[in-house]
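Student: I have a structure I would like to understand better, so I am pasting it below and will then ask my questions one at a time.
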Amino acid sequence: MNAEYDFLKQRLEAVGIKKGMTLLVHSSFKSLNLKYLTPKDVINAFMDVITSSGNLLFPTLTYKTVNKDNPYYSVTLTPSCVGILPETFRKMDGVIRSLNPIHSVAAWGKDKEDLILSHLDDDITLGINSPFYKMLKYEGKILMLGCGLKPNTFMHLVENLCKVKYRKLTNKITFTIRDYENNIIKKDLLMPESNNYYQMYDRIINILDHNELKKISINGEESFLIDAKQLLLKASLKIKEDEEYFIEWIER
């Protein structure tokens, strides 16, 4: 492999990515400003560093195409709408994707089945059976790779567990889901009834210390490495103190 690949691996290790880690990655491939490496090369670099003794996860969200007007999801065919790295990752050998139609996650590593296979057991898209919650028992970290802090899907889990009033889960949608064996599953899921606010999840920088939220750079971009367990604990406490701390209303 070329020098840029070796450099990328070295930088991943230097910023705290390590063997055996459970890591969920939100990403902007373009932010890395790589000259020769493809999205698959970047993913392979993560795999080389973490190794199969850990777990690598990417959210493979589908909210732009799967919704109440089009409640259909295929685990193999429905594309992710959150960038080229997740879309590349979900198709790679050894990677499995959860059956949740909106907030699916793809995973690779020794605990991928435990992290992924129960995601559809919840009646909401982000609950205690989701990979976002189950990663906590593996001391999971969240990497916001060149995409800022706002698109942090883990915060929806925090909101759901805290049962915030602005995210009432009362809109029931029946989804049609096609699994890896081409079986059809019907699943009722509760969805938020409105979304008339801006997500201000970058405010987590005010509640986590430098060991819990580390500002890092892999190749000139601004990225963040977050301790998921501490984020859940401290964001939950902040919401109990001020339920609307992580949002700004567009209109009520």
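Student: Under 7 Å between Cβ atoms, at least 6 apart or on separate chains: pull out the pairs that start in the range 187-206 with a residue that is closer than 21 Å to D122 by Cβ and end on any residue that is loosely packed, with under 12 Cβ neighbours inside 10 Å and at pLDDT 95 or above.
Tutor: Partner pairs satisfying both residue conditions: D188/K172; D188/T174; L190/K172.
Student: Can you confirm whether L143 is assigned to a helix (DSSP H, G or I), within 23 Å of K18 (Cα to Cα) and among the aliphatic types (A, V, I, L, M)?
Tutor: Spelling it out, it is not the case that L143 is assigned to a helix (DSSP H, G or I), within 23 Å of K18 (Cα to Cα) and among the aliphatic types (A, V, I, L, M).
Student: Return the pairs, sorted by first residue and then second, in which the second residue is in a loop (DSSP other than H, G, I, E, B) and aliphatic (A, V, I, L, M), the first residue lies in the range 97-116 and is in contact (Cβ under 8 Å) with a residue 12 or more places away in the chain and under 14 Å from S52 (Cβ atoms), the beta carbons are less than 6 Å apart, and the residues are 6+ apart or on different chains.
Tutor: W108/V95
Student: Follow-up. Filter the range 212-248 for residues that are open to solvent by 40 Å² or more (accessible area, probe 1.4 Å) and under 13 Å from I142 (Cβ atoms); which is nearest to the chain's Cα centre (by Cα)?
Tutor: So the residue we want is K229.
Student: Among T65, T60, which is the only one that is closer than 30 Å to L190 by Cα and either open to solvent by less than 10 Å² (accessible area, probe 1.4 Å) or not β-branched (V, I, T) (or both)?
Tutor: Details: T65 fails: either open to solvent by less than 10 Å² (accessible area, probe 1.4 Å) or not β-branched (V, I, T) (or both).
The unique qualifying residue is T60.
Student: Within the group L37, L61, L8, which residue is aliphatic (A, V, I, L, M), assigned to a loop (DSSP other than H, G, I, E, B) and more than 15 Å from the chain's Cα centre (by Cα)?
Tutor: L37
Student: I want to confirm something. Restricting to the range 157-172 and keeping residues that are open to solvent by 30 Å² or more (accessible area, probe 1.4 Å) and of a type in the set (D, E, K, R), which single residue is modelled with the lowest pLDDT?
Tutor: K168
Student: Give all pairs with beta carbons closer than 6 Å in which a residue from the range 132-156 that is open to solvent by less than 50 Å² (accessible area, probe 1.4 Å) meets a residue that is at pLDDT below 95; count only pairs at least 6 apart in sequence or on separate chains.
Tutor: none
Student: Taking N100 and the conditions (1) under 26 Å from E221 (Cα atoms); (2) part of a loop (DSSP other than H, G, I, E, B), which numbered condition does it fall short on, given that it satisfies the others?
Tutor: (1)
Student: Could you tell me whether F175 is over 30 Å from N219 (Cβ atoms) and of a type in the set (A, V, I, L, M, F, W, C)?
Tutor: yes
Student: If I filter the range 85-96 for residues that are on the phi < 0 side of the Ramachandran plot, out of contact with any Gly (no Cβ under 8 Å at 6 or more places or on another chain) and open to solvent by 40 Å² or more (accessible area, probe 1.4 Å), do I get at least one hit?
Tutor: There is at least one residue in the range 85-96 that is on the phi < 0 side of the Ramachandran plot, out of contact with any Gly (no Cβ under 8 Å at 6 or more places or on another chain) and open to solvent by 40 Å² or more (accessible area, probe 1.4 Å).
Student: Within the range 65-75, is even one residue farther than 21 Å from T125 by Cα and either not small (G, A, S) or not in a loop (DSSP other than H, G, I, E, B) (or both)?
Tutor: Checking the range 65-75: not a single residue is farther than 21 Å from T125 by Cα and either not small (G, A, S) or not in a loop (DSSP other than H, G, I, E, B) (or both).
Student: For C81, all conditions in the list (1) in a loop (DSSP other than H, G, I, E, B); (2) in contact with a Lys or Arg (Cβ under 7 Å, 6 or more places away or on another chain); (3) within 18 Å of G220 (Cβ to Cβ); (4) not hydroxyl-bearing (S, T, Y) hold save one; what is the number of the exception?
Tutor: C81 satisfies every listed condition except (3).
Student: Does E251 satisfy being open to solvent by 50 Å² or more (accessible area, probe 1.4 Å), modelled with pLDDT under 95 and assigned to a loop (DSSP other than H, G, I, E, B)?
Tutor: Yes.
Student: Out of Y245, Y166, which single residue is touching a residue at least 24 places away in the same chain (Cβ under 8 Å), hydroxyl-bearing (S, T, Y) and under 25 Å from P71 (Cβ atoms)?
Tutor: Result: Y166 is the single residue among Y245, Y166 that is touching a residue at least 24 places away in the same chain (Cβ under 8 Å), hydroxyl-bearing (S, T, Y) and under 25 Å from P71 (Cβ atoms).
Student: Under 8 Å by Cβ, and 6 or more places apart or on different chains, what pairs join a residue from the range 10-30 that is farther than 15 Å from L57 by Cα with one that is surrounded by fewer than 18 Cβ atoms within 10 Å (Cβ to Cβ) and basic (K, R)?
Tutor: Short answer, once both residue conditions are applied: V15/K214; G16/K214.
The values are calculated or read from the model by the stated rules, or taken from the named source; none is laboratory data. Quick caveat, the model's predicted, so the values are computed rather than measured. Methodologically, a virtual Cβ is constructed for each residue, glycine included, from the backbone with ideal geometry; neighbour enumeration extends over all protein chains shown. For accessibility, only protein heavy atoms count, side chains too; no ligands or nucleic acids. Shrake-Rupley method; radii C 1.70, N 1.55, O 1.52, S 1.80 Å.
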